[in-house]
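The values are calculated or read from the model by the stated rules, or taken from the named source; none is laboratory data. These figures come from a predicted structure and were not determined experimentally. Positions of Cβ are backbone-derived with ideal geometry, glycine not excepted, and every protein chain shown enters the neighbour counts.
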């Protein structure tokens, strides 16, 4: 069995997520297309985009950038583009904010919303930077993340 990293890209060419894909039997080496297809299936299962946009996703074998599974320059957890990963990242940040403020009672929803807003803004900015900071298009990245979060 051979593991390869596969990037899933949106219709603008931005990397949404990098998946570790393992395929093949002992001694059998599948072609790149099989890995890419499996990554697209994982993206559909992980709900990276609304179902209507699934056909616009593409995949490519990951180019090593010396990091773990995250895209170049991306400080956000790579699994934060999945619903479960997003919730976990926000939960951890909300807890940190709550502790920072002395653990006040009855304000958990406020901390959740602050953490979610922080996370989405940071993620949108990172994705915008990764695409070369296109002038006048920053709102597109924010809108994309808001739609993802609302699913």
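One table, with the values for the structure above:
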read-out: Any hit, the stretch 113-123, residues being outside the structural domain of residue 47 (by TED's automatic domain parsing) and farther than 16 Å from residue 149 by Cα; value: no
read-out: Total residues in the stretch 97-128, condition assigned to a helix (DSSP H, G or I) and out of contact with any helix residue (DSSP H, G or I) (no Cβ under 8 Å at 6 or more places or on another chain); value: 8
read-out: Residue count, the stretch 42-78 (criterion: at pLDDT below 75 and in a loop (DSSP other than H, G, I, E, B)); value: 15
read-out: Qualifying residue in the stretch 79-100 (condition: within 13 Å of the chain's Cα centre (by Cα) and either modelled with pLDDT of 85 or more or more than 19 Å from residue 144 (Cα to Cα) (or both)); value: yes
read-out: Residue 39 being exposed (fewer than 12 other Cβ atoms within 10 Å of the Cβ), modelled with pLDDT of 85 or more and outside the structural domain of residue 120 (by TED's automatic domain parsing); value: no
